[in-house]
Amino acid sequence: MREYIITVNSTVDLPKVWLEEREVPVIPLKYTIDGETYTDMEGLTSKEFFDKLRDGKMATTSQINPEEAREYFEPFLKEGKDVLHLGFSSGLSGTLNSMRIAAEELKEDYPEAKIYIIDTLCACMGEGLLLYYALKQKDAGKNIDEVAKWAEENKLHICHNVTVDDLHHLHRGGRVSKTAAVLGTMVQIKPVIHMDNNGCLQVIGKERGRKKALNKIVSMAAEQIQGWENDMAMITHGDCIEDAEYVAKQVREKLGIQEILINNIGTVIGSHTGPGVVAVFVMGNAR
């Protein structure tokens, strides 16, 4: 059996050290803010980045092109390794299509290689949670075909429960409609969002006040996990660690999941959510 690697985009928003320890290659996206372009996971710290957004600076992101994708994949194929790529949702970015174009070109040059490109229909630590379980499959001795099949069969069981302070950034980036964005302008009304089965963000409710919104995303997760074994939950936040820790405490108490990975949301995803976002990710029956 040929050796294989699992690759991801930087939009997994997992700690860089966590990924390095598990030898997961990361294909980064880029963002531009205040006239400077940076590579995701490099450059500005989360605090520096979100402070710029709070000061009114606007951030834009750019997708990976097929040439860049090929440059990342090809060295592994030259080493005789197969590649399983867990890609950023096609519902949010054209990056996935670039990955597929690169893979098709590389299959012609390396016909003996296997290159799987999975449209995870996930974002942020939803991608990260799918990676976590895929790595467990790999560590258990599953081959690339088995892990790819598992990822395809389970990706829509990765539940994304999100609240933001307002929808200004998501609307400006084209991630939610203008009608939905109106929710974000209402005093003390906090939107509740999930990722649908097309890998797109949808506003599915609103709560009056921040604490109620945080409680809501936990209660949603508690309902989703019924009948599922979760040995890990992941929580991301936009420079609001106290809120993330509050959600983690609720997850431990109400869901019974003790292992929780908390991390700041990445700069690319954070460009669209803005500061103050909090999200909890679990495996469950349905999104």
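Every read-out reported here was derived from the displayed coordinates using simple, explicitly stated rules and does not represent laboratory data. Here the structure is a predicted model, which is why all the values come from computation and not from measurement. Every residue, glycine as well, gets a Cβ built from its backbone with ideal geometry; the counts of neighbours run over all protein chains shown.
Taking one quarter of the surface of the convex hull spanned by the alpha-carbon atoms of the range 1-58 gives a direction-averaged projected area of 4.6 nm². Exposure proxy shown here: for CYS159, CYS240, the number of other Cβ atoms within 10 Å sets the order, fewest to most, as CYS240, CYS159.
Entry for the range 113-157 at q = 0.21, 0.26, 0.27, 0.33 Å⁻¹: log10 I(q)/I(0) = -0.66, -0.97, -1.03, -1.30, Debye formula applied to identical alpha-carbon scatterers, no solvent contribution. All Cα-Cα distances of the chain, cut into 5 Å bins from zero to the largest, leave 1, 6, 13, 17, 19, 17, 12, 8, 4, 2, 1, 0 percent in each bin in turn. With N as its number of residues, the range 196-287 has a Cα radius of gyration that, divided by 2.2 N^0.38 Å, comes to 1.05.
From least to most packed, judged by other beta carbons within 10 angstrom and beginning with the fewest, GLU108, GLU259 follow the order GLU108, GLU259. Taking Cα atoms only, the orientation of helix 144-154 departs from the longest principal axis of the chain by about 20 degrees. Here is the P(r) of the range 28-171: all C-alpha pair distances, binned every 5 Å from 0, give 2, 8, 15, 17, 19, 16, 10, 7, 4, 1, 0 in whole percents. Angle of helix 241-255 to the longest C-alpha principal axis of the chain, folded into 0 to 90 degrees and rounded to 10: 80°.
For the chain, the longest principal axis of the C-alpha atoms and the axis of helix 95-109 are separated by about 0°. Using 0.36 nm per residue and subtracting the Cα-Cα separation, the extra length available between LYS81 and GLU67 on full extension is 3.1 nm. For LYS107, a cut-off of 26 angstrom between C-alpha atoms picks up these lysines, skipping any fewer than 8 places away in its own chain: LYS78, LYS81, LYS138, LYS142, LYS149, LYS155. The range 77-148: percent of C-alpha pairs farther apart than 15 Å? It works out to 58 percent of all Cα pairs.
Among MET195, MET232, the order by Cβ neighbours within 10 angstrom, fewest to most, reads MET232, MET195.
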